Structures are given as structure tokens and as C-alpha cells.
1. Just to confirm my numbers, what's the Cα centroid distance between the range 74-108 and the range 177-240 in Å?
2. Starting at the first residue of the range 170-175, write each ³J(HN,Hα) from the Karplus equation 6.51 cos²θ - 1.76 cosθ + 1.60 with θ = phi - 60°, in whole Hz, x for Gly and Pro.
3. Net charge near Met233: determine it from the other residues with C-beta under 13 Å of the C-beta of Met233, scoring Lys and Arg +1 and Asp and Glu -1.
4. How much length is gained on full extension from Asn113 to Asp209, taking 0.36 nm per residue of separation minus their Cα-Cα distance?
5. Could you tell me whether the range 145-265 comes out rounded, prolate or oblate from its Cα gyration tensor? Rule is a ≥ b ≥ c as square roots of the eigenvalues, rounded for a/c under 1.5, then prolate if a/b exceeds b/c, otherwise oblate.
6. If we count every other residue with Cβ under 11 angstrom of Asn24's Cβ, Lys/Arg +1 and Asp/Glu -1, where does the sum land?
7. Please work out the FRET efficiency for the pair Arg220 and Lys85, using the Cβ-Cβ distance as r and a Förster radius of 30 Å; give the result to the nearest 0.05.
8. Please figure out what share of the DSSP beta bridges in the range 3-264 is antiparallel and state it in percent, rounded to the nearest 5.
Amino acid sequence: MNNLEFFVLGSGSSGNCSLLRLNNNWVMIDTGFSMKQTKERMRTHGLALDDVQDVLVTHFDRDHFNPGWCKTFAQRNMRVHIHEKHIGRAERAGLDERCIVPFTTNIQLHGSNVETIHFAHDALGTIGFIFDTGTLRFGFATDLGRVPQLLLDRFIHLDGIAFESNYDPGMQENSNRPESLKNRIMDGSGHLSNEQSLAAICHIASESDLQQIVLLHLSRQCNSPRIIHDLYMDNLPEVHEQLTITSQDRCSRLLTIQTGSVLTS
């Protein structure tokens, strides 16, 4: 039976990295942790770097792309798929041009179609992905700032989703962060609040049959899993069983999405 497997090595301002298995091939999404941390966390699920040949990069903020990977990419002849708008930033970070596989629209990867969507985030934007195997669809989006209609139009008929839920507005407003940082996060080109994320998930869920909902990029200072849990229990309790709230400090469990069933281990 065709299936997708997915887990998050960690997600937050200290680093972001996820792994998705497409037709028995593991694809890495972002490389925000050090090589050592990444290898250690991959071992949690019995994987090694040799299991990965393709990397997708959402954008080149330091917590999503650690330049320490550049030498390894070249040595291992790994393919690093990046949006053409990010090529200059990638090269300045030290990424060998021979590793770069640029894209502007869709990618064909291990027998699956990967839809790519460019969203606003800081100066150069961030990339969202929809992995379509022909029978299953999995959406991935983080560092959005706001939820554009384009996302709601494209993130439909999904079987699973990994989506940002960065901050609690009250905690953000009351934090001792500089006002400039607060404004950057909340001005529509930074990150999504829990409420913005929930509203998007509610809409997407109404147009999908979500087996897994994975929440990404929780702020350590201005968010908590308990706040998110309570928010969902109050507003969308029917997805409680499908919900995974990720951490910066540890791997998520392995999530499996199959046609007509939900398996976790």
C-alpha cells in the first residue's frame, strides 16, 4: 500500500529539520541543526545521513539552513533543491553551485509531484510544499507571517499537513523582546500566531481528510504546547487525535499516512 512517513527532528528558532519518505526514499526539509545534532536525532528513528540524497530548503534563515552542511553536500553529491530567488543567498552561504537544483514551480521527486508555493517572509520569502504521490497529498508550510488566499486555494484535499504555529499574541505582547522584533514577527511577513494557524487549519480541514496535523516552529519564549492544546480543544476538538505539537529539543514520533487509515509508532 502506498504511504508517506514523516517526522520532525526539531522545529523552532534554534533549528528546523524534517524528514519525509517518498516511495522508500527519505527527503530532508531544511537543515537548521548542526551535522552532529542531525545525525543524533536521525538515529532516534534508525536513520543515517546515507539514507538521504535530496534536500528541500524553505528559505535561508540560519535556523533553516546551517552553512556547516555545505561541505558535506558537496562531498556526498547531495541534491539541494532551492527556489531560484534564493540562489544568491545560497551561494553566499557557501553552497556549491554543483549541488543546487533550482526550481520555480513543481518538482518531480522519487515518483511524486512536489508543488512549490512562494510565500512572503522577510525579504526573499519562504517556500511551501505539497507532496503528491498520486494517492496521498501532504502539505508543508512554515515562517509564513500571514495566511494568503493562495495557500488556502492550494492546500486542499490533503491527507496530512505540517504547519507553523509560532506564538501566543498575549505572551508576545507582554514579553521583554525589543519592539522591533515583535513588529517583525507580527507585521505579516514574520510568523503565524496560534490563532492564525488554527483558522487556517480549520479551513484546510474542511477541504481535506487530515490524518495528521503537525504544528511547527513554536516559540520557546512566547508559546507553549499547553496553550495550543487548550486552543484546539476549545475550537477544533475533533482533530485532537491527529494533532502533533513539535519541539525544538527533540524528535517527534514517526507519523505514517496511508489511504484510509492512520498509523503512528
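All of the numbers you see were taken from the coordinates with simple rules; none came from a lab. All of these numbers come straight from a predicted model, not from anything done at the bench. FYI the Cβ positions are ideal-geometry reconstructions off the backbone, even for glycines, and counts take in every protein chain you see.
1. 30
2. Whole-Hz 3J(HN,Hα) from phi for the range 170-175: x, 5, 5, 4, 8, 6.
3. The answer is -3.
4. Additional length available on full extension: 32.6 nm.
5. Prolate.
6. Computed value for this residue: -1.
7. E(calc), rounded to 0.05, equals 0.55.
8. Looking only at bridges with both residues in the range 3-264, the antiparallel portion is about 60 percent.
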